[in-house]
1. Using only the alpha-carbon atoms of region 2-228 as identical scatterers, what base-10 log of I(q)/I(0) does the Debye formula give at q = 0.08 Å⁻¹?
2. Convex hull over the alpha-carbon atoms of region 138-223: what's its volume per residue in Å³?
3. Would you list the membrane-span-like helices of the chain, meaning whole DSSP H runs whose alpha-carbon atoms span at least 15 Å along their axis and whose mean Kyte-Doolittle value is at least -0.5?
4. Sum -39500 (n - 2.57) across every DSSP H segment of at least 4 residues in the chain, then divide by the residue count to get the 222 nm mean residue ellipticity, nearest 500.
5. For a distance above 19 Å, tell me the whole-number percent of Cα pairs in region 3-132 that qualify.
6. Please tell me the relative contact order of the chain in percent, rounded to the nearest whole number, where contacts are Cα pairs under 8 Å and at least six residues apart.
7. Could you list PHE166, PHE2 in order of exposure, starting from the residue whose Cβ has the fewest other Cβ atoms within 10 Å?
8. At R0 = 22 Å, how high is the FRET efficiency between LEU117 and GLN192 if r is their beta carbon distance? Nearest 0.05 is fine.
Amino acid sequence: MFLPLHDNTTLKVIRFQVISGAIILINFAVFFYTQIINGGIDANSIAVSYGAVPALLTNDKVLPEALVRIPEIGTLITYMFLHAGWIHILSNMAFVWVFADNVEDAFGHIGFLVFYLFCGVVAAGAHTLAGPTSQSPLVGASGAVSGIMAAYLVLFPKARVWVLLFLKIPVPIPAFIALIGWFGFQVFSSFQPQSGGVTVAWWAHIGGFLVGGIVAYLLRHRLSARLASKNPTKKSA
């Protein structure tokens, strides 16, 4: 639908988005190892072992012993750091780069990390509820990123964001239009049939967005007070 390029919201409390930057670096490091250095040889087994597989999480199926590398509950975290291809990781990290720094600014470094992981876990839960017998591994940061986007919408609805509309046309639009439009597209798409080998986990996006928005809304006064207590500094993204 669109790819974010830049926003006009300055950092006010933190000097640099330490956690957001670390998330981006870790995701690219894992991607390079699994897809480039490892040549993608074990990409499928890695996805099954470390991705969140609904049928395994609901005990509908049991993973072959040779593929068991961590407790299944642990995949609710590890799946967020795996990606299926270049477009997948580049689009997710673009959203992190543009929106996450300001959300990290509002939550603080540790609070943001907890928030990010929590949104990702809930997103995987929503995906599992939508298809509890699915044996396809869920991979990618999209669910956690959706939570970031919702928090940005709650905290900075009047911000302006430069986006690459339809991946072709650079335009500045209000954040609330871009993000509400994005969420509406996820809901619409969730009811459309999917085909092909790689499918989109629409309900993970929806679940992550909803929980991120709810948490940010409940904490909005505290987060806004934190941002209002400091003078703006130069934005890093």
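What follows is calculated from the coordinates using simple rules that are stated; it is not laboratory data. Note that this is a predicted model, so its numbers are computed, not measured. Here the Cβ positions follow ideal geometry from the backbone for every residue, glycine too, while neighbour counts run over all protein chains shown.
1. Once normalised to I(0) and log-transformed, intensities are -0.28.
2. 102 Å³
3. Membrane-span-like by this criterion, though nothing is claimed about a membrane: 18-31, 109-130, 142-155, 175-190, 202-218.
4. Computed ellipticity for the chain at 222 nm equals -16000 deg cm²/dmol.
5. Looking at region 3-132, the distances longer than 19 Å represent 56 percent of pairs.
6. So the answer I get is 32 percent.
7. PHE166, PHE2
8. Efficiency at R0 = 22 Å is approximately 0.15.
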